[in-house]
Amino acid sequence: MLARIMRHDWRCLAADRTARLLVAVLAAFVGYGVYNGSAWVRFQRGAVAAAMEDQERRLAELRRDAAAIDPKAEPPVSFLDPRTPGVVAGSRGQRFAAAPPGPLAAMDVGQADLYPFCFKMTNRTKQTFITTDEIENPSNLLAGRFDLGFVVVYLFPLLILGLSYDLLSAEREQGTLAMTLSQPVRLRTVVLGKVLARAALILALAVGMSVLAGLLAGLDLSGPEVPARLGLWALVVVAYGAFWFALALAVNALGRGSATNAVILVASWIALVVVAPALLNVAVTSLRPVPSRVSLILAIRDASAEASARGSNLLARYYEDHPELAPAEAAPVPADFLTKLQAVQGSVDRTIEPVMARYDDQLARQQDLVDRLRFLSPAVVTQEALNDVSGTSLARQRFFLAQVDEFHRAWQDFFIPRIMRRERFAPADFDAIPEFQFREQPLASVGPRVAEGVIGLAIPALALAALGLLALRRYRITG
């Protein structure tokens, strides 16, 4: 009987022009969302490719200029000398640390457009290169991008509610519900048949359209873990859709009219998708405020000014602490300046380290609070899960920044001893300059967070469905 009810409901939906129109609108939104996501991916890949081309050009010029200098001649006194380690590390020989787009970034840009993805490495303090963000319209960043993730989180529930607000009320108002129940079938079976039929159709369309649009956007299924990430994406979409179908079932079980059901469901959508995330943002920023960025900049500026005023003393103290790096003889003026500059930068690093630690710690505490409060809104749970699956989340950005820190330490370990010893670069040294190799965040660390989100959606969905089925016992067939 359940299968017969589902087939009958499918035929009714197929004959309903409104249902066909809603599906067509969903397909249009999916296509436009993936187009926007693909545009961002192309921009990021183009920016990284341009950075790599610039890097290769500079390194080629550096090697050519170094080879043109007679090794027996007196070294030129120049701040562009290609054989001076400080010049190579600080300007001419810098390498980039860049992150490619996430595995499913074309489907969900997430927070990727908020974070820098390419840094030009330097031997100076990390703040000299990590805070050089690209300037973009803050209104655009606040609104976010219209991508497939946006369609799933914001518009997909409206399609479900548009097809489910009158599951029972329409038949009761038309007088056909009593006739249906005069047959040997229970009300619960009728409702389950209708819900399952619509859920199977809509969820299959949503998942199928998402995967198809991703493939058309150039998604590489041969990439590492990409099929598994697509599977997790589908699981999140199904869990999110199940929540809204369960909510529609529970509201229909109240026995109200179709218009009342529509108002209740739209109000629920506004509360859970629009209002709750905004209140969550206010609560997080109020309970875990991040230290002022202006204070951080002022601390760096003050530390730099104080260290610059004591440059000679800092250099002398550095050589006292590291006598093995003391030069054997006097060096030209550029080398002397660069050693002082390096000593100053080391002092600035030590001074601002506590400030940066407090800043990073508060950011971590803020994100921890978001992770705990996200279950108050299914929209936040879904968005966080889709960001994780797509490789556009804050967790992936932190994973990338940890690699940048590691590369920065390797860069300093390679250059600083040479700068302080006032050495000259040999041809073999150019080939030994550290290179950045990005490592993708493993799915093993993404999966548990996504699983938490799916469970956080499944539990309220099951609870709402159970409450709705219980309420059907008191449902008035007529009136």
Query raised in the report: In a solvent-free Debye calculation with one equal scatterer on each Cα, what is log10 I(q)/I(0) for the stretch 345-479 at q = 0.22 Å⁻¹, listed in the order of the q values?
Result: -1.30
Query raised in the report: What is the distance, in nm, between label points placed 7 Å from the Cα along the Cα-to-Cβ direction at Gln437 and at Arg188?
Result: 6.0
Query raised in the report: How much length is gained on full extension from Ala39 to Ile270, taking 0.36 nm per residue of separation minus their Cα-Cα distance?
Result: 80.2 nm
Query raised in the report: Using the Karplus equation 6.51 cos²θ - 1.76 cosθ + 1.60 (θ = phi - 60°), what ³J(HN,Hα) coupling, rounded to whole Hz, does each residue of the stretch 418-427 give in order, writing x for Gly and Pro?
Result: 5, 5, 5, 7, 6, 7, 10, 6, 8, x
Query raised in the report: Want the number for Ala228 to Arg398: 0.36 nm per residue separation, take away the alpha-carbon distance, what's left?
Result: 59.0 nm
Query raised in the report: Stokes-Einstein at 25 °C, 0.890 mPa s, Kirkwood radius from Cα pairs: D for the stretch 135-293 in µm² s⁻¹?
Result: 132
Report summary line: Note on the stretch 176-282: contact order normalised by length, alpha-carbon pairs under 8 Å, 6 or more apart, percent, works out to 26
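Every read-out reported here was derived from the displayed coordinates using simple, explicitly stated rules and does not represent laboratory data. The model shown is predicted, which means the values in this text are computed figures rather than measured ones. Cβ coordinates were reconstructed from backbone atoms using ideal geometry, including for glycine residues, and neighbour counts include every protein chain displayed.
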